[in-house]
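Reading through the structure tokens given below for one structure.
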Amino acid sequence: MLQYSLMLSNYIEKLVIANYLDQTKAIVEDWLKDDERNALNLNAVVQSVSEVTKHSPRSLKEQLRKSIIAHVSCDLFSKENGKFLPGKYDSNEMYDVVVTSLLLEAVVQDLETYAKIMKRISGLLKRRGHLLMNGVLGMTYWDMKAGKFNCVTL
């Protein structure tokens, strides 16, 4: 969820974090406030990033919190001018890096829609920008406590 942001925060001055689900956004916001009661425990992730980057876990957390300029909701299926981020955060060629992690294949049901959304996401990148994707190839469904959820197979 925030592992890429932790790694990038030492190299990128300003981060805009976007979440598809409001529940995920609330959990991340609690973590960003350092609310000890939150459901998100990133200690293992922070420790791993700390070992790779040679920065202390505390400094990584502080740097990430300082780098985030906005935490917004994301609507991948918005029909409004092909935009899926709030106003000023959704402009063509705006970002040096866009990261998507375990999202697209879970919420998109077919390859045609996947291709359209990928085109929109890549349009957010500046020339020579980078798209970092973390996903699962060959999967047909997600199995969770709430049940089985179909996903697009890549």
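The values are calculated or read from the model by the stated rules, or taken from the named source; none is laboratory data. Quick caveat, the model's predicted, so the values are computed rather than measured. Please note: Cβ atoms are built from the backbone with ideal geometry, for glycine as well, and neighbour counts cover all protein chains shown.
Overview of values
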quantity: Members of the range 91-117 found to be in contact (Cβ under 8 Å) with a residue 12 or more places away in the chain and over 19 Å from Y141 (Cα atoms), listed by number; calculated: S91, N92, E93, M94, Y95, D96, V97, V98, V99, I117
quantity: Scope the range 119-154; condition in contact with a Ser or Thr (Cβ under 8 Å, 6 or more places away or on another chain), surrounded by fewer than 12 Cβ atoms within 10 Å (Cβ to Cβ) and part of a loop (DSSP other than H, G, I, E, B); matching residues; calculated: G138, T140
quantity: Residue identified as assigned to a helix (DSSP H, G or I) and touching a Ser or Thr at 6+ places or on another chain (Cβ under 9 Å) among K61, K116, K66; calculated: K66
quantity: Those residues of the range 9-33 which are under 16 Å from K66 (Cβ atoms), in contact (Cβ under 8 Å) with a residue 24 or more places away in the chain and in a loop (DSSP other than H, G, I, E, B), in sequence order; calculated: S9, N10, I12, E13, K14
quantity: Hey, V98 among the aliphatic types (A, V, I, L, M) and outside the structural domain of D34 (by TED's automatic domain parsing) or not; calculated: yes
quantity: Complete set of residues in the range 91-105 that are surrounded by 17 or more Cβ atoms within 10 Å (Cβ to Cβ) and within 20 Å of K148 (Cβ to Cβ); calculated: L103, L104, E105
quantity: Count of the range 49-90 residues which are surrounded by fewer than 17 Cβ atoms within 10 Å (Cβ to Cβ), over 18 Å from the mean Cα position of the chain (by Cα) and in contact (Cβ under 8 Å) with a residue 24 or more places away in the chain; calculated: 3
quantity: Lone unmet requirement of (1) outside the structural domain of K25 (by TED's automatic domain parsing); (2) at pLDDT 90 or above; (3) closer than 23 Å to T24 by Cα for E62; calculated: (1)
quantity: All positions within the range 32-75 that are in contact with a helix residue (DSSP H, G or I) (Cβ under 7 Å, 6 or more places away or on another chain) and more than 16 Å from M7 (Cβ to Cβ); calculated: L32, N38, A39, L40, A70, H71, V72, S73
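Results for (1) outside the structural domain of R128 (by TED's automatic domain parsing); (2) buried (at least 17 other Cβ atoms within 10 Å of the Cβ); (3) under 20 Å from H130 (Cβ atoms), shown as yes or no for each residue.
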| residue | (1), (2), (3) |
| --- | --- |
| Q3 | yes, no, yes |
| K14 | yes, no, yes |
| Y20 | yes, yes, no |
| A26 | yes, no, no |
| L42 | yes, yes, no |
| Q47 | yes, no, no |
